[in-house]
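Note sheet for the following structure.
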Amino acid sequence: MTVAIANLVCGVDEAGRGPLAGPVYAAAVILDPGSPIAGLADSKALSAPRRAQLAEQIHRHALAWAVASASVTEIDAINILQASLLAMRRAVELLCAVPTEVLVDGKHCPAIRYPVRAIVRGDSTIAAISAASILAKTARDAEMLRLHQLYPAYGLDRHKGYPTVDHLAALERHGVSEIHRRSYAPVRRLLQG
C-alpha cells in the first residue's frame, strides 16, 4: 500500500552506465527529515565499506526506498540512456510512499507521473540523491559479485564490468558472454571480428 504524505522529496540515481557487462541499476530514496544520515555523498567518492555502512543506515532510516534494474537485453534494445531511465522509473514505481517531487541526478528525467527535475551533480549536493546513488551502486556491485560466481573468467569481482585492461583482455581470451552488452563498441568489435 502506498502512503501519501506532504512534502516527500525523492532522490533518484543510477549506477552502471559505463560497464561492458551486467544490468544498469537505479534507486529511489525518500529520506526521513527526522532521522538524518551523516556522511551521505556521491557513491563514487566513498569507499566500498563506507558505502555498505551507509546503505544499511539508509535501509533502516529512510521513509521509503527501492532499487530496480534494466537488463543487458534491454540496454542493447533501447540504449543505455533509455535503459537507465527505465530502471529509474521502475525504482520510483516500487516506492511504498508517494513522492511530492522527484529529483534525478544528471540531465535527463524518467517518464513518471510525479513532478520531476534533473539536477546535474545532484549526487554530491542533494542528500536524497546521494542516498539513491549509494543504494544503486551497492546493489549493482552485489549483482556483479553474484555474476562473478557464474562467469569467473572475466574478473567481474575486481572491475565490476568496467572496460579495464584486464576485462578487455579477458574478453579477447574467452569471448563474449551472455551478460556482456553487445551494443557497446568493444564488445561489438569482438563479435564482428
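The values are calculated or read from the model by the stated rules, or taken from the named source; none is laboratory data. Computed from a predicted structure; not experimentally measured. Note that each Cβ is placed from the backbone with ideal geometry, even for glycine, and that neighbours are counted across all protein chains shown.
Brief remarks on what is shown
- Unmet criterion (only one of (1) in contact with a strand residue (DSSP E or B) (Cβ under 8 Å, 6 or more places away or on another chain); (2) within 30 Å of H167 (Cα to Cα); (3) hydrophobic (A, V, I, L, M, F, W, C)) for A45: (1)
- Of all residue pairs spaced 6 or more apart or on separate chains, those with beta-carbon atoms under 7 Å, a first member in the stretch 174-186 that is modelled with pLDDT of 95 or more and a second member that is small (G, A, S) and assigned to a strand (DSSP E or B) are I179/A21; H180/A21; R181/A21.
- All of H180, H174, H167 fail the test of being over 17 Å from I75 (Cβ atoms) and either surrounded by 15 or more Cβ atoms within 10 Å (Cβ to Cβ) or not basic (K, R) (or both), apart from H174.
- Test: residue in the stretch 117-126 that is on the phi > 0 side of the Ramachandran plot, free of Cβ contacts under 8 Å to residues at least 60 places away in the same chain, surrounded by fewer than 16 Cβ atoms within 10 Å (Cβ to Cβ) and not basic (K, R): no
- For A118, the stated conditions do not hold, so it cannot be described as assigned to a helix (DSSP H, G or I) and at pLDDT 95 or above.
- Among (1) touching a residue at least 60 places away in the same chain (Cβ under 8 Å); (2) under 18 Å from R182 (Cα atoms), the one test that R51 misses: (2)
- Pair list, Cβ < 8 Å and 6+ apart or interchain, from the stretch 58-72 residues that are in contact (Cβ under 8 Å) with a residue 12 or more places away in the chain to residues that are among the polar types (S, T, N, Q) and surrounded by 15 or more Cβ atoms within 10 Å (Cβ to Cβ): A70/S84
- Which numbered condition G11 misses (of (1) outside any helix (DSSP H, G or I); (2) surrounded by fewer than 23 Cβ atoms within 10 Å (Cβ to Cβ)): (2)
- Filter result for A111 (free of Cβ contacts under 8 Å to residues at least 40 places away in the same chain and either surrounded by 24 or more Cβ atoms within 10 Å (Cβ to Cβ) or outside any helix (DSSP H, G or I) (or both)): yes
- The residues of the stretch 21-35 that are touching a residue at least 12 places away in the same chain (Cβ under 8 Å) and closer than 18 Å to W65 by Cα, listed by number, are V24, Y25, A26, A27, A28, V29, I30, L31, D32, S35.
- Those residues of the stretch 122-136 which are hydroxyl-bearing (S, T, Y) and in contact with a helix residue (DSSP H, G or I) (Cβ under 8 Å, 6 or more places away or on another chain), in sequence order: S124, S130, S133
- Qualifying positions in the stretch 23-50 - at pLDDT 95 or above, buried (at least 24 other Cβ atoms within 10 Å of the Cβ) and either outside any loop (DSSP other than H, G, I, E, B) or within 15 Å of the chain's Cα centre (by Cα) (or both): P23, V24, Y25, A26, A27, A28, V29, I30
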